[in-house]
1. How would region 125-170 be classified by its alpha-carbon gyration tensor: rounded, prolate or oblate, with rounded meaning a/c under 1.5 and the a/b versus b/c comparison settling the rest?
2. Heavy atoms of the protein only, probe of 1.4 Å, neighbouring chains included. What is the accessible area of residue 68 in Å², nearest 10?
3. Over 31 Å between Cα atoms, which of 36/160; 21/120; 21/97; 21/105; 36/105 qualify?
4. How far, in nm, would the chain grow between residue 129 and residue 30 when pulled straight, counting 0.36 nm per residue and subtracting the alpha carbon separation?
5. How large is the translational diffusion coefficient of region 60-170 in µm² per second when you combine the Kirkwood radius over alpha carbon pairs with Stokes-Einstein at 20 °C and 1.002 mPa s?
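The values are calculated or read from the model by the stated rules, or taken from the named source; none is laboratory data. A quick note: this is a predicted structure, and the numbers were derived from the prediction, not measured. The accessibility values were calculated without ligands, DNA or RNA, using every heavy atom of the protein model including side chains. Shrake-Rupley method; radii C 1.70, N 1.55, O 1.52, S 1.80 Å.
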Amino acid sequence: NSAIGGTVNPELVYGFGANLKYQHVDFGFFFQGLGKTDRIIGGTSFIPGSSNGAMGNILTNVNDRWTVENPRQDVFWPRLSDYQSANNNQASTWWLKDMSLLRLKNLELGYNFPKRLANKAYIERARIFVRGSNLATFSKFKLWDPEVSASNGLIYPIMKSASFGCELYF
């Protein structure tokens, strides 16, 4: 734990899933979650204008900032500018973000051909399936994958993948 609360290492790690089968169709899923995990985000490559006039990353939430016309206190950027501004890069709890997440790690849907149909093709059993990994992530933090171990998001995120195939038993 840090002096301002929270920890980068999750205090809660959990998962749940199920495998179901009805007649010739099977379905399985697995969710993984992390809770009670926080990270202070920031750094010179993260905050626009923080590198002595260099722009840095401009993120999709660029309009979520304090301005005279938009004086809200719950914006993401304290006072965004294209030059170095102490308002944006002060180390503070402003940049402490909840990185808890729930991720759909695995999903699979399969069809087992009836034995009489498979046997006609001299196959003992046959099954086709479609499978996906890391298909969805649910988190309050939206800028990048909350599970990456970087304060600025500059690490390649976990890959999503989808595949299909068949299993034949002779």
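1. Prolate shape, in that a/c is at least 1.5 and a/b is the bigger ratio.
2. Roll a 1.4 Å probe over it and residue 68 shows about 110 Å².
3. Checking Cα-Cα distances, 21/97 exceed 31 Å.
4. Between residue 129 and residue 30, full extension yields 34.0 nm more.
5. 115
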